[in-house]
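> Take this structure, written in structure tokens, and hold onto it; I'll ask about it next.
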Amino acid sequence: MSGWLRGILVAALYVSVFGCATPAPTAPKAAAPAPVTQPSAVQAPPAAPVTANPSTQPPVVTEAVPAPAPLVSAPLPAIGTEPAVPHIALLLPLNSPVFAKAADAVQQGFLAAAGKEVNGLPIHVYPCNDEGTEVVALYHKALRAGAVAVAGPLTRNGVAALAATGPITTPTLALNLVDDTRTDQLYFFGLPPETEARQAAERATTAGLLSATVVSTNSPLSKRLAQAFSDEWQREGGILLAGIIYDGDPTPLKDLSQEPGTSVFLAAEPDKARLIRPYINSAIPVYATSQVFSGNTNTLTNYDLADVRFFDMPWLLQPDHPAVMIYPHVVPPMTPDMERLYALGIDSYRLLQVMYQHNPANVLPLDGVTGKISRNGHVFQREGILAVMRQGLGVPVEGKSRQ
């Protein structure tokens with residue numbers, strides 16, 4: 001797939017799937033501890049909910065550390081014919097032609113994390129097509145079947161539909177963010193790229209930079225990133241210079257100020273970022289988000305992004321991170337955007353364990369594979385790690401005082 005087409009598809013996925021919210025705080029209630037089981041990844045989404053239990057291991061997931069016992073998926077009994085069984089419900093749009101691939105990556109990560117849990121509850125996977133219209137009924141179906149905790153939905157439409165049903169009394173972790181203030185058991189966790197844009201503004205001001213120029217491409221995702229950076233930059237007291245919208249003409253980029261204390265925020269997809277970066281003087285610090293990073297296997301194309309500072313997750317940047325080393329990786333590796341969703345699945349399972357088994361105040365912040373996770377009201381927020389592109393590789397940068 002050509003670079004420009006992949007950039008458009010990745011941007012469309014992030015615009016469709018992830019968003020922002022600013023809710024208000026409360027603490028979740030503890031729920032019951034859990035018996036032994038281990039789940040598995042489901043390659044082809046089933047037509048009905050499935051139960052993960054120890055009998056077969058999914059072939060796509062391997063790991064360097066000792067693997068969990070093999071797993072198998074079996075259909076749940078029809079509701080009403082058997083007593084409700086305590087379990088963790090995972091609600092995902094696995095049958096959606098648009099979101100199935102993303103949902104499958106999340107599912108694999110969630111089940112990989114569950115496979116590491118000793119005495120964990122079984123995982124029942126509830127697939128659907130359109131979360132916006134199906135998720136409420138699916139959620140109540142899971143509760144009737146005995147769900148004591150729920151992860152999902154994944155899409156913003158699905159999360160909005162569930163949030164609109166009224167108070168949620170079962171610990172529930174939505175895998176996306178919406179603008180909503182909660183006082184119940186519904187919490188939110190996702191990978192909105194705006195979070196990294198705000199981190200870039202905070203880190204640049206911490207490094208002593210005084211002014212910033214935002215270079216964008218005018219795409220919907222680029223506009224969101226540019227706005228998030230600009231808002232945080234001004235909140236931090238920085239001077240925001242006139243922005244540049246790149247339309248193929250590099251002339252305005254060559255005229256950027258090189259005065260000490262100036263900086264650039266690059267709100268662009270990978271293909272456009274590689275075109276823009278060479279025209280910006282190397283003396284100017286350039287910040288960006290994980291949107292510019294397509295992994296450390298593309299070293300030749302990464303050379304065009306020399307010295308760009310960006311934020312991403314330990315899962316992609318720190319293979320020796322204590323949390324990253326524990327969990328299995330998919331073989332062959334997925335694309336970076338799907339790897340991020342796989343990592344989202346891992347940390348979502350871990351957070352759900354915190355929600356229904358522990359007091360979050362005693363466990364958070366959580367050192368996750370997506371970053372350091374803390375809680376602000378009913379939103380679990382992640383802090384990515386700063387990296388810089390050197391010799392075609394994304395290399396983590398240590399120390400908050402470093403530019």
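> Which of the numbered conditions does R350 fail, given that it passes all the others? Conditions: (1) touching a Leu at 6+ places or on another chain (Cβ under 7 Å); (2) under 25 Å from A200 (Cβ atoms); (3) of a type in the set (D, E, K, R).
The one condition R350 does not meet is (2).
> Starting from the stretch 303-315, keep only residues that are touching a residue at least 24 places away in the same chain (Cβ under 8 Å) and part of a strand (DSSP E or B), then list their pairs with residues that are polar (S, T, N, Q) and open to solvent by 10 Å² or more (accessible area, probe 1.4 Å) whose Cβ atoms are within a distance under 8 Å, requiring at least 6 positions of separation or different chains.
Short answer, once both residue conditions are applied: R309/Q403; F311/Q199.
> Hey, another quick one. How many of the residues making up the stretch 276-291 are touching a helix residue (DSSP H, G or I) at 6+ places or on another chain (Cβ under 9 Å) and either of a type in the set (S, T, N, Q) or modelled with pLDDT under 95 (or both)?
Matching residues across the stretch 276-291 total 4.
> I would also like to ask the following. Limited to the stretch 297-317, what total is found for residues that are modelled with pLDDT under 95 and open to solvent by less than 40 Å² (accessible area, probe 1.4 Å)?
Final tally of qualifying residues: 1.
> Is it fair to say V148 is open to solvent by 30 Å² or more (accessible area, probe 1.4 Å) and under 21 Å from A113 (Cβ atoms)?
So V148 fits the description; yes.
> While we're here: Identify, from the list Y356, Y349, the residue that is closer than 18 Å to A114 by Cβ and more than 18 Å from the chain's Cα centre (by Cα).
Being closer than 18 Å to A114 by Cβ and more than 18 Å from the chain's Cα centre (by Cα) holds for just one of Y356, Y349, which is Y356.
> Can you tell me how many residues within the stretch 266-314 are of a type in the set (S, T, Y), over 17 Å from the mean Cα position of the chain (by Cα) and farther than 14 Å from G384 by Cβ? Don't jump to the end; show me each part of the working.
Start the filter on the stretch 266-314 by keeping residues that are of a type in the set (S, T, Y), which leaves 279, 282, 287, 289-290, 294, 297, 299, 301, 303.
After this cut, where a residue has to be over 17 Å from the mean Cα position of the chain (by Cα) as well, the list is 279, 282, 287, 297, 299, 301, 303.
Checking which are farther than 14 Å from G384 by Cβ leaves us with 279, 282, 297, 299, 301, 303.
Matching residues across the stretch 266-314 total 6.
The values are calculated or read from the model by the stated rules, or taken from the named source; none is laboratory data. Model, not experiment: these values are computed from the prediction. Don't worry about glycine lacking a Cβ; one is built from the backbone with ideal geometry, like all the others, and counts go over all protein chains shown. Accessible surface areas use protein heavy atoms only, side chains included; no ligands, DNA or RNA. Shrake-Rupley method; radii C 1.70, N 1.55, O 1.52, S 1.80 Å.
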